[in-house]
1. If you average the C-alpha positions of the range 249-324 and of the range 104-136 separately, how far apart do those two centres end up, in angstrom?
2. Between rounded, prolate and oblate, where does the range 148-269 land on the alpha carbon gyration tensor, with a ≥ b ≥ c its root eigenvalues, rounded for a/c under 1.5, else prolate if a/b exceeds b/c?
3. Which value at 222 nm does the chain reach when only helices count, each DSSP H run of 4 or more adding -39,500 (n - 2.57), with the total divided by all residues and rounded to the nearest 500 deg cm²/dmol?
4. What does the charge count near residue 236 come to, summing +1 for each Lys or Arg and -1 for each Asp or Glu among other residues with Cβ under 15 Å from its Cβ?
5. By the scheme Lys and Arg +1, Asp and Glu -1, what is the net charge of all other residues having a beta-carbon under 13 Å from that of residue 68?
6. Fewest Cβ neighbours within 10 Å first, please rank 73, 110, 280, 224 accordingly.
7. Of 93/183; 181/287; 299/332; 287/318; 87/181, which sit over 23 Å apart, Cα to Cα?
8. So how do 292-303, 122-133 stack up, highest first, on mean other-Cβ count within 10 Å?
Amino acid sequence: MWIVRLALARPYTFVVMALLILIGGVLTIQRMAVDIFPDIPIPVVGIVWTYSGIAPEEMNQRIVVPVERAITTTVSNVEHQESQSLKGIGLIKVFFQPGSDPDAGVAQLTAISQTLLRVLPPGITPPLIIRYSASNVPIAQTSLSSETLGESDLFDAANAFIRPGLAVVQGASVLLPNGGKPKQIMVDLDPNKLAGKGLSGNDVVNTLLAQNVIIPAGSAKIGTREYDVRLNSSPEAVATLNDLPIKTVDGTTVYIRDVAFVHEGAAVQQNVVRQNGRRTAIIPILKSGSASTLAIIDKIKQVLPNIQANAPPGLNIKLLFDQSFFVRASIKGVIIEASIAAGLTALMILLFLGSWRSTLIIAVSIPLSI
């Protein structure tokens with residue numbers, strides 16, 4: 001009971017302490033990351049291998065199984081692995097022991113993946129290594145639509161213009177856009193003309209690779225100045241690729257235009273996104289780390305007008321949805337429930353004790369305790 005006697009002897013000291021607790025609590029709440037879920041570290045890392053055109057069975061035998069065996073013998077603190085093989089895609093989930101550092105696991109998996117590239121099928125690219133986290137959830141979606149721009153222009157604007165503008169927001173992870181058509185250079189081969197000239201598709205590919213390059217050729221010193229010299233055989237326009245010579249047959253030079261047609265086109269569309277019946281491109285935005293959802297959404301809403309002002313003419317940028325609505329609703333619900341609980345507690349004390357002083361003390365103590 002010494003603390004009670006101390007409080008009665010020095011009441012102003014405890015009043016000041018209560019005020020300091022109140023002020024400190026308010027400042028802490030203002031600086032605290034506000035979200036529905038806390039930052040929960042999960043020791044799981046995903047590895048995504050891609051190899052276009054390979055069947056699921058071959059993906060499993062030639063890529064997934066060798067990688068799993070290498071992980072078992074070289075990566076520490078592995079609890080178990082799970083894998084899934086699809087056409088052209090192999091997904092491996094590596095579960096680490098509870099309490100282990102996922103960042104160390106990512107570093108080890110990155111190193112072993114780079115080493116395995118030499119023994120895997122030729123042409124395979126390094127994998128995408130992802131650390132799983134319960135806090136990395138979608139918090140917003142941005143849509144891009146236009147009445148004048150095509151789907152290829154929408155994809156280009158989303159990937160090269162909108163994503164860099166949103167990537168400056170701290171705590172936001174901006175994914176690749178969905179919808180639209182990625183631009184690429186198309187080479188349409190004519191099999192009959194190739195056969196007539198005694199050529200194959202590889203001859204066209206080798207011509208494009210060999211003659212579409214920029215090679216440093218050294219330097220030239222003229223007077224007191226030294227100039228860099230480069231051999232530039234890269235055409236300035238896509239159409240000029242048709243004029244590249246393939247080889248000479250019976251004294252006649254065969255050009256690419258004689259057996260193929262090179263033009264600017266788009267990749268085969270893998271997904272279609274529609275908004276109100278109109279084709280659109282969307283950019284998902286995830287929350288990364290322990291950042292606050294409300295802070296990220298507020299910052300996104302601040303930068304979107306600037307991005308729209310500098311966007312290509314005819315491009316409309318809109319925030320389709322944001323998770324902050326549900327976060328604010330949850331926080332409001334918690335505050336209302338806490339207020340009701342505090343009010344009912346004070347009312348019950350007043351009814352049973354009949355003392356306004358005791359009721360006031362309890363009513364003030366509840367928020368200070370929280």
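What follows is calculated from the coordinates using simple rules that are stated; it is not laboratory data. A quick note: this is a predicted structure, and the numbers were derived from the prediction, not measured. Note that each Cβ is placed from the backbone with ideal geometry, even for glycine, and that neighbours are counted across all protein chains shown.
1. Here the two parts' Cα centres lie 27 Å apart.
2. Details: a/c = 3.31, a/b = 1.26, b/c = 2.64.
Cα axes put the range 148-269 in the oblate bin.
3. Details: 13 runs with 152 residues, N = 370.
Result for the chain: -12500 deg cm²/dmol, rounded to the nearest 500.
4. Overall, the nearby charge balance is -1.
5. Computed value for this residue: +2.
6. Result, fewest neighbours first: 224, 73, 110, 280.
7. On the way: 93/183 32 Å; 181/287 26 Å; 299/332 21 Å; 287/318 19 Å; 87/181 21 Å.
In this structure, 93/183; 181/287 lie more than 23 Å apart at Cα.
8. 292-303, 122-133
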